[in-house]
1. Using a cut-off of 23 Å between alpha-carbon atoms, which lysines can reach residue 194, once sequence neighbours fewer than 8 places away in the same chain are excluded?
2. What number comes out for the charge environment of residue 212, summing +1 per Lys or Arg and -1 per Asp or Glu over other residues with Cβ under 14 Å away?
3. Nearest 5 is fine: what % of DSSP beta bridges in the chain come out antiparallel, could you say?
4. Where is the GNM fluctuation largest for the chain (alpha-carbon springs, 10 angstrom cutoff): 77, 236, 147?
5. Relative contact order of the chain, please, whole-number percent, based on alpha carbon pairs below 8 angstrom and at least 6 residues apart.
6. Using θ = phi - 60° and the Karplus relation 6.51 cos²θ - 1.76 cosθ + 1.60, list the HN-Hα couplings for the stretch 270-278 in order, rounded to whole Hz, with x at every Gly or Pro.
7. Shape call for the stretch 208-259 from the C-alpha gyration tensor, a ≥ b ≥ c root eigenvalues: rounded (a/c under 1.5), prolate (a/b greater than b/c) or oblate?
8. Only helical DSSP H runs with n ≥ 4 go in: add -39500 (n - 2.57) per run for the chain, normalise by residue count and round the 222 nm mean residue ellipticity to 500 deg cm²/dmol.
Amino acid sequence: MSVTPNEGRAEKIALMFPGQGSQFVGMGKDLAAEFPVARRTYEEAGDVLGIDVAGVSFEGPADRLGSTLYCQPAVLTQSVAAWRVATELGVRGDMTLGHSLGEYAALVASGSLPFDEALRLVRTRGEVTTDVAHRVPGAMAALLGATEEQVERLCAAVGDVWPANYNCPGQIVASGLAKSVDRLLESARTQGIKGRLLDVEGAFHSVVMAPAADRLRETLAGVMVAPPAVPFVSATTAAVEAGAERVRQILTEQLTGPVRFTQAVRAALALGATGYVELGARRTLAGLVRRILPDAQVYHLGGVTDIPDIRALVARG
């Protein structure tokens, strides 16, 4: 499938891919019914992994879809299906970026990872992170209305908890040992900062996941990776990354480091992005971009009801 960026266009498009938490039962079902390329994407995922990715995505149950081992392949498949539909409709990305798990779909769209390899990696990623989460009690909490500096100071003062997601101004997630996250929330409340625990299985995007990163690194060493053909803006480093070995490093580093989505969106803007297209189940990243860049043009493709807006974007080409 073509990954050739737009040429000769004034508008530059950043393709965005969400991570775990964007899923819902029924996602992708209408795309698969309407577009053969989407249907084939689900069939390919099922064949590669030996599980019914389409069935759990389209019909649930919700608790199975929400489990890491099923959720991560399902989210990846839905995003790739949406990207392939968007490509058929004429959308061409000038750069790609993803939020956490979404970096795998971004690398597929950039031409760096074959879809089948991405599926296998995501399955391993889910297995190794779930194993650590079951062995080390961890938690994550969203802090609302705080600055980056406030959250970083709070985490440093509490200890064993770290900033994990820089989602947008006023929405930062912290991750760490469960008792430390509880203390962080209490400390935040004393400073007038609202916070809430997230419904997750462990301390993702923190040093707690170091054993999982080590195991994923071993798997990545044997995976076919190509330099991105379309600029890949990593939300792990908030910079354009190139080179196969660098991609391997980033996919390992993202397990223990924070998601710098706010910074990655601004890096895409510095590259000339004027439109941001989210390819995923919900409008998760689209909402964040509107808070990061209030004047940005934001689009979404997750189901057939979004097709008119995508066709309008292509028509403006």
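1. In chain and number order, the partners are 179.
2. Numbers: positive: 123, 125, 135, 215, 217; negative: 127, 131, 201, 214, 218, 253.
Within the 14 Å Cβ shell, the charges total -1.
3. Numbers: 20 of 35 bridges.
Roughly 55 percent of the beta bridges in the chain run antiparallel, per DSSP.
4. Taking springs between Cα atoms under 10 Å, the residue moving most is 147.
5. Numbers: 692 pairs, mean separation 74.7, N = 317.
Result for the chain is 24 percent.
6. 5, 7, x, 4, 10, x, 10, 10, 8
7. Numbers: a/c = 3.69, a/b = 1.27, b/c = 2.91.
Note, shape of the stretch 208-259 comes out oblate.
8. Values: 14 runs with 155 residues, N = 317.
Result for the chain: -15000 deg cm²/dmol, rounded to the nearest 500.
The numbers here are math on the coordinates, done by the rules we state, and not lab data. As the structure is a prediction and not an experimental result, all values here were calculated from the model. Cβ coordinates were reconstructed from backbone atoms using ideal geometry, including for glycine residues, and neighbour counts include every protein chain displayed.
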